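Visitor: Sharing a structure, written as structure tokens. Questions coming.
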């Protein structure tokens with residue numbers, strides 16, 4: 001990675017359930033971060049068009065109404081929606097990582113995915129990451145990613161990857177990101193919460209009333225950084241409670257809480273709660289080298305003779321890759337096409 005790189009965590013509110021307006025706000029934020037000298041800007045989980053805080057709504061007819069609205073506000077990759085984001089990234093000369101709810105590109109499908117879209121500073125789509133396992137009631141909202149979603153992207157500032165929310169508690173997935181050589185990690189969340197005894201007892205964090213340390217996000221991110229010796233830009237969604245529809249307020253945890261840590265888990269900037277802010281931090285490559293000197297997960301502190309990682313699985317597609325029905329992403333075509341040739345192996349195998 002570069003010896004020194006400025007990054008930005010975009011804790012800005014989506015225009016809830018309004019794709020066009022939220023994309024416009026994302027483009028303006030990308031421009032602002034670029035002008036400030038940042039080379040990477042990261043947005044929260046499902047920033048476009050906002051997290052489905054209505055996910056447990058009853059009766060089911062109400063849930064269905066919101067689900068239809070969500071489908072109509074989902075992003076296709078690629079599309080005219082992503083073209084706007086790509087143009088903004090190119091003008092600003094910045095890499096953009098944007099959480100969105102994505103509509104499947106498979107003909108006839110209406111399945112949604114919890115996705116991170118990666119756009120390079122030249123305005124080209126690097127690829128995407130779909131959340132491998134939606135959490136709890138999220139399984140009624142989104143489909144699951146597959147083995148092609150476990151990957152990193154080579155960029156001019158370093159090797160970048162990203163994961164969504166509780167993927168940061170998936171031990172083998174974290175190990176896979178280290179093995180792929182990730183240097184800068186983008187972590188995205190739907191907000192910041194307080195847990196009493198377990199994940200089933202969550203409420204929105206209230207600054208001045210609750211301790212921020214009763215949220216598993218802080219511990220997950222700092223440990224991820226140390227385990228993988230990676231810089232982490234952690235971005236949590238922020239939506240003022242007054243701007244949240246009444247039917248969504250019971251699960252509204254969008255209190256912000258974005259922060260940036262170095263490979264030793266030391267906080268470089270943040271966390272910031274209950275306000276919009278572009279949070280900046282400077283990443284120094286020597287911080288990673290210093291941590292690697294003590295604990296190198298891929299070298300002197302590994303025991304591949306005892307424990308090894310086995311990445312496997314087939315992409316979730318009803319036809320072989322040779323049929324040409326899979327929507328193809330820049331940066332993924334080599335792996336996708338290789339999976340369609342019998343006897344061939346990809347990096348994930």
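The values are calculated or read from the model by the stated rules, or taken from the named source; none is laboratory data. The model shown is predicted, which means the values in this text are computed figures rather than measured ones. Methodologically, a virtual Cβ is constructed for each residue, glycine included, from the backbone with ideal geometry; neighbour enumeration extends over all protein chains shown.
Visitor: Scan the range 139-148 residue by residue and report those that are out of contact with any helix residue (DSSP H, G or I) (no Cβ under 8 Å at 6 or more places or on another chain), surrounded by fewer than 19 Cβ atoms within 10 Å (Cβ to Cβ) and outside any loop (DSSP other than H, G, I, E, B).
Guide: The answer is 139, and nothing else.
Visitor: Another question, if that's okay. Within the bounds of the range 45-67, is there any residue that is at pLDDT 95 or above, in a loop (DSSP other than H, G, I, E, B) and farther than 18 Å from residue 12 by Cα?
Guide: Taking every residue of the range 45-67 in turn, none turns out to be at pLDDT 95 or above, in a loop (DSSP other than H, G, I, E, B) and farther than 18 Å from residue 12 by Cα.
Visitor: While we're looking at this one, here's another question. So, in the range 149-196, exactly how many residues are touching a strand residue (DSSP E or B) at 6+ places or on another chain (Cβ under 9 Å), touching a residue at least 60 places away in the same chain (Cβ under 8 Å) and in a helix (DSSP H, G or I)?
Guide: Of the residues in the range 149-196, 1 are touching a strand residue (DSSP E or B) at 6+ places or on another chain (Cβ under 9 Å), touching a residue at least 60 places away in the same chain (Cβ under 8 Å) and in a helix (DSSP H, G or I).
Visitor: Ok, one more. Whether any residue in the range 304-312 is buried (at least 17 other Cβ atoms within 10 Å of the Cβ), in contact with a helix residue (DSSP H, G or I) (Cβ under 7 Å, 6 or more places away or on another chain), farther than 22 Å from residue 119 by Cα and modelled with pLDDT of 50 or more is what I want to check.
Guide: No, there is no match, as no residue in the range 304-312 is buried (at least 17 other Cβ atoms within 10 Å of the Cβ), in contact with a helix residue (DSSP H, G or I) (Cβ under 7 Å, 6 or more places away or on another chain), farther than 22 Å from residue 119 by Cα and modelled with pLDDT of 50 or more.
Visitor: Here's something else I'd like to know. How many residues does the range 82-114 contain that are outside any strand (DSSP E or B), in contact (Cβ under 8 Å) with a residue 60 or more places away in the chain and buried (at least 20 other Cβ atoms within 10 Å of the Cβ)?
Guide: 4
Visitor: Could I ask something else about it? Among the candidates 272, 260, which residue alone is within 28 Å of residue 54 (Cβ to Cβ), at pLDDT 95 or above and out of contact with any helix residue (DSSP H, G or I) (no Cβ under 7 Å at 6 or more places or on another chain)?
Guide: 272
Visitor: Now, a different point. So residue 27 fits all but one of (1) modelled with pLDDT under 95; (2) in contact with a helix residue (DSSP H, G or I) (Cβ under 6 Å, 6 or more places away or on another chain); (3) farther than 22 Å from residue 255 by Cα; what number is the exception?
Guide: Going through (1) modelled with pLDDT under 95; (2) in contact with a helix residue (DSSP H, G or I) (Cβ under 6 Å, 6 or more places away or on another chain); (3) farther than 22 Å from residue 255 by Cα one by one, residue 27 breaks only (1).
Visitor: Out of the residues in the range 115-137 meeting the condition of being outside any loop (DSSP other than H, G, I, E, B) and within 19 Å of residue 235 (Cα to Cα), tell me which one is farthest from the chain's Cα centre (by Cα).
Guide: 119
Visitor: Scan the range 279-287 and tell me whether some residue there is part of a helix (DSSP H, G or I) and crowded, with 16+ Cβ neighbours inside 10 Å. Full working, then the answer.
Guide: So in the range 279-287, the residues part of a helix (DSSP H, G or I) come out as 285-287.
Retained after the next criterion (residues that are crowded, with 16+ Cβ neighbours inside 10 Å): 285, 287.
Yes, because at least one residue in the range 279-287 is part of a helix (DSSP H, G or I) and crowded, with 16+ Cβ neighbours inside 10 Å.
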